Amino acid sequence: MDLKQLGTTIMTVRRKLAKTQEAVAADLDISLTAYSKIERGETNIQFNRLSQIADYFNMEPWQLLCPTYEFDFNEFKSEFDALKLEIKTLRDDMAKYPATNTHIYKSESHLVNNRKQSVRK
């Protein structure tokens with residue numbers, strides 16, 4: 001990500017939070033000029049300053065560096081939560097008939113263990 005894009009991302013977050021440049025600069029204890037240069041991408045921002053800005057916005061530095069990744073992550077989390085709910089529903093349904101579902105529980109356990117092993121790799 002180039003400095004101009006990073007500055008635009010920081011400015012977008014600031015505006016979404018209805019903060020002024022003056023307020024953010026004062027809260028970060030930097031001059032308005034220095035903060036404005038960050039948003040315009042005119043200054044090389046050090047990681048400690050990026051971390052300070054991210055903390056101020058209650059974010060992680062990577063969220064400022066890769067703003068589109070967060071959207072993908074949220075979409076993934078939403079799908080993951082839906083799958084967890086579906087699994088819970090299936091387990092509840094299976095619990096109603098324990099004697100006929102023993103082989104299914106074994107298969108599920110095997111699949112979960114295989115998934116855990118592949119994630120570790």
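Structure note, pairs Lys16/Lys77; Lys19/Lys88; Lys19/Lys84: Cα-Cα distances above 32 angstrom occur for Lys19/Lys88; Lys19/Lys84. Taking every alpha-carbon pair in the stretch 3-65 and binning the separations at 5 Å intervals from zero gives 4, 20, 35, 32, 9 percent. For the stretch 10-15, 3J(HN,Hα) computed residue by residue from phi via the Karplus equation (6.51, -1.76, 1.60; θ = phi - 60°) reads 4, 4, 4, 4, 4, 5 Hz, glycine and proline entered as x.
Coordinate-derived values only; no laboratory data. Note that the structure is predicted; figures quoted are calculated from it, not measured.
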